[in-house]
């Protein structure tokens, strides 16, 4: 299986919205890779977020490494 990437962009940067995005895509078999925030000069809060997911063999290895490190 080849490695696939998914990027979900949101302008609603709240913990509830980010949690909803993560839960939705993880339940569909994607592995959370990270979250990147785009900041606005006019505010201390992020203007938007990019939630990054992977799917495939590398994603499974990533999950194993995190589980083993705990």
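Values quoted throughout were computed directly from the atomic coordinates according to the rules given, and no laboratory measurement underlies them. Being a predicted model, the structure only gives us computed values, none of them experimental. Positions of Cβ are generated from backbone atoms using ideal geometry, with glycine treated the same way; all protein chains shown enter the neighbour counts.
Simple spin-label estimate for residue 57 and residue 2 gives 1.4 nm between the two label positions (7 Å along the Cα-to-Cβ direction from each Cα).
With the cut-off at 1.5 for a/c, could you classify segment 1-43 from its C-alpha gyration tensor as rounded, prolate or oblate? Judged from the Cα gyration tensor, segment 1-43 comes out oblate (a/c at least 1.5, b/c at or above a/b).
The simple spin-label model puts a point 7 Å past each Cα toward its Cβ; for residue 48 and residue 33 those points are separated by 1.8 nm.
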